[in-house]
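Each remark here refers to the structure printed beneath this line.
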Amino acid sequence: MRWSSRFSVAFAVLMMALVSAPALADDSAASTGTTFSGLRNIPPQARSATLGAPYGDRSVALNGKLFRLAPGAQIRDARNLLVLPMNLPNLPDGIKVRYQLDINGDVFRLWMLTPEEAGAKVDSQE
């Protein structure tokens, strides 16, 4: 077998292994719908609030006050997955969250809390 043929076969085997690797990973938490286990490293200066119904595009209501979402804002659910702003109207009201504001007063980080995180005592600077 020539060198180029062996190289092609080895490359094909490597690519097949890389493509099938995500399928072999343990994704039991995502498939069973369980929540994120453990407390996340949410900055202590993140403020606590209750998420209300969104008012229009790119805005959220936190404790009844309307805030704009900053460009590139990250919204994370209880499983620490990213939530797109267009999916906010599909969420129920009253979700406990922690959030951070940018220099313009817009929300640029928002974490939806698990029951454990919502009950945890946090020294926040509000």
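Here Val60 meets the list (1) under 17 Å from Gln45 (Cα atoms); (2) β-branched (Val, Ile, Thr); (3) touching a Pro at 6+ places or on another chain (Cβ under 6 Å) almost entirely, failing just condition (1).
Among the strands (runs of 3 or more DSSP E) confined wholly to the stretch 54-126, which include 3 or more residues that are surrounded by 12 or more Cβ atoms within 10 Å (Cβ to Cβ) and touching a residue at least 24 places away in the same chain (Cβ under 8 Å)? Outline the logic, then answer.
Working: elements: 59-62, 65-76, 95-101, 107-112.
In the stretch 54-126, 65-76, 95-101, 107-112 are the strands (runs of 3 or more DSSP E) which contain 3 or more residues that are surrounded by 12 or more Cβ atoms within 10 Å (Cβ to Cβ) and touching a residue at least 24 places away in the same chain (Cβ under 8 Å).
Each value in this text was obtained by applying a stated rule to the coordinates, not by laboratory testing. Every value quoted in this text rests on a predicted model; they were computed, and no experiment measured them. Every residue, glycine among them, receives a Cβ derived from its backbone with ideal geometry; neighbour counts consider all protein chains shown.
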